[in-house]
Amino acid sequence: MNKPKTGFSSVPNLQLTKVEISDNETTLSFSYTNKPGQTFSIPKETYIQVIDGVEKLFVKRAEGVVFDESSTVPASGEFKYKLVFPKIDRKTKAMDYGEAKEGGSWFIYNIQLQNQVASRIPQELTGNWFNAETNQLELCLY
């Protein structure tokens with residue numbers, strides 16, 4: 001599914017661009033935008049979890065990043081990578097993404113994997129809106 005709808009994200013500049021469920025694995029494609037030269041890392045304790053599920057499915061491998069090592073945002077300001085997890089059922093309606101390590105701070109909740117009823121809110125207005133001064137969540141429109 002391209003550009004799946006999501007609920008709250010703790011990292012507004014991290015976009016989940018695609019979810020692919022194959023016979024053997026689940027692949028999440030990301031685009032992270034930030035100032036060129038900014039660094040970030042993806043911990044080996046990164047997981048997905050089916051909504052209402054109890055088991056965390058930990059990442060198996062990555063493409064474009066190395067676990068627990070700093071990656072640097074290029075001059076374009078956009079860094080693309082993929083994370084590969086164990087397979088989930090194709091009938092799964094929603095899942096969460098997160099970091100299980102101590103102090104983990106990247107989470108995306110309620111990733112929609114099935115087409116939902118159309119919203120009356122224009123697509124360009126949907127999402128989470130943050131206060132520019134406080135960086136606190138102000139409004140969610142879906």
**Q.** Stretchable slack from Thr17 to Cys140, in nm (0.36 nm times residue separation minus alpha-carbon distance)
**A.** 42.3 nm
Q. What are the lysines whose alpha-carbon lies under 17 Å from the alpha-carbon of Lys3, with same-chain residues fewer than 8 places away excluded?
A. Lys18, Lys80, Lys82, Lys93
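Which entries in the list Lys60/Lys91; Lys5/Lys44; Lys35/Lys87 go over 31 Å, if you measure between the two C-alpha atoms of each?
Working: Lys60/Lys91 21 Å; Lys5/Lys44 25 Å; Lys35/Lys87 34 Å.
From Lys60/Lys91; Lys5/Lys44; Lys35/Lys87, over 31 Å: Lys35/Lys87.
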Q.
How much length would be gained if the chain were fully extended between Asn110 and Tyr81, taking 0.36 nm per residue of separation minus their Cα-Cα distance, in nm to one decimal?
A. 8.4 nm
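Ratio of the range 4-134's C-alpha Rg to 2.2 N^0.38 Å, to two decimals? Mind showing how you got there, number by number?
On the way: Rg = 15.1 Å, N = 131, 2.2 N^0.38 = 14.0 Å.
Cα-based Rg divided by the globular estimate yields 1.07.
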Q. How big is the range 1-78 in terms of Cα radius of gyration and Dmax, in angstroms?
A. 13.6, 40
Q) When all alpha-carbon pairs of the range 61-100 are counted, what percent fall beyond 11 Å? A) 77
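Carbon-plus-sulfur fraction of the accessible area of the range 40-142, 1.4 Å probe, in percent?
Working: 3240 of 6660 Å².
Carbon with sulfur: 49 percent of the solvent-accessible area.
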Q. Taking only protein heavy atoms and a 1.4 Å probe, what accessible area per residue, in Å², does the range 1-80 have with all protein chains in place?
A. 56
Q | Calculated from backbone phi, Karplus (6.51, -1.76, 1.60) coupling profile of the range 72-77 in Hz, x at Gly/Pro | A | 10, 5, x, 4, 5, x
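The values are calculated or read from the model by the stated rules, or taken from the named source; none is laboratory data. Not measured: the values here are computed from a predicted model. We work out accessible area using only protein heavy atoms, side chains counted, and drop any ligands, DNA or RNA first. Shrake-Rupley method; radii C 1.70, N 1.55, O 1.52, S 1.80 Å.
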